[in-house]
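The values are calculated or read from the model by the stated rules, or taken from the named source; none is laboratory data. Just so it is clear, the model here is predicted, and its values are computed rather than measured. We place every Cβ from the backbone using ideal geometry, glycine too, and count neighbours over all the protein chains shown. Remember, those area values only see protein heavy atoms, side chains included, never the ligands or the DNA or RNA. Shrake-Rupley method; radii C 1.70, N 1.55, O 1.52, S 1.80 Å.
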Amino acid sequence: METVFSFVSLTVTEVLQLSGLVVNRNVLGIQKMDEKALEVYDVIRSIRDPEKPNTLEELEVVTEKCVEVQEIGEDDYLIIIKFSPTVPHCSLATLIGLCLQVKLQRCLPFKHKLEIYISEGTHSTEEDINKQINDKERVAAAMENPNLREIVEQCVIEPDD
């Protein structure tokens, strides 16, 4: 009897979804994650490059496609960002990762865990830098350095501020 009930329930759900009366929960979940990813991208795209007057978006260091959001709990998200330095030997890749960390920690209105990586194959020391920018203690220590903090502040400040 339980098997029959499960089959009928599944069949009714499929008919309702096909008729458009019920939207698939998976589709709603994907749409929600896409909206969160765009929200994240909107925060990071205006970060300024430490060496150039351009934003990370203008330099294509970050793109909409580099942001992924996964739900890890109710109103709790995992944000994964994979950015691409402008050159494979970019000496400021760690600083860019730090700017991403700082700006997102300050600006996102929802609970999140953050993972930031250099896109695979875009930097000569990507593995070492990935470890560094995802280490909370190293990030905190870097932000205690007044010179480094000043550079980060100049990069993450909004043009209107």
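Quick look at the values:
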quantity	calculated
Residues of the range 29-66 that turn out to be open to solvent by 90 Å² or more (accessible area, probe 1.4 Å), among the acidic types (Asp, Glu) and outside any helix (DSSP H, G or I), as a count	3
Positions within the range 67-89 being over 18 Å from Glu35 (Cα atoms) and open to solvent by 20 Å² or more (accessible area, probe 1.4 Å), in sequence order	Ser84, Thr86, Val87, Pro88, His89
Some residue of the range 44-60 being under 26 Å from Glu150 (Cβ atoms), under 10 Å from the mean Cα position of the chain (by Cα) and either among the charged types (D, E, K, R) or at pLDDT 95 or above (or both)	yes
Hits in the range 122-154 (condition: touching a helix residue (DSSP H, G or I) at 6+ places or on another chain (Cβ under 7 Å) and without any contact (Cβ under 8 Å) to a residue 24 or more places away in the chain)	Arg138, Arg149
Subset of the range 93-143 [under 12 Å from the mean Cα position of the chain (by Cα), of a type in the set (D, E, K, R) and surrounded by fewer than 17 Cβ atoms within 10 Å (Cβ to Cβ)]	Lys113, Glu115
Enumeration of residues in the range 108-121 that are more than 20 Å from Lys65 (Cα to Cα) and either in contact (Cβ under 8 Å) with a residue 60 or more places away in the chain or in a strand (DSSP E or B) (or both)	Phe110, Lys111
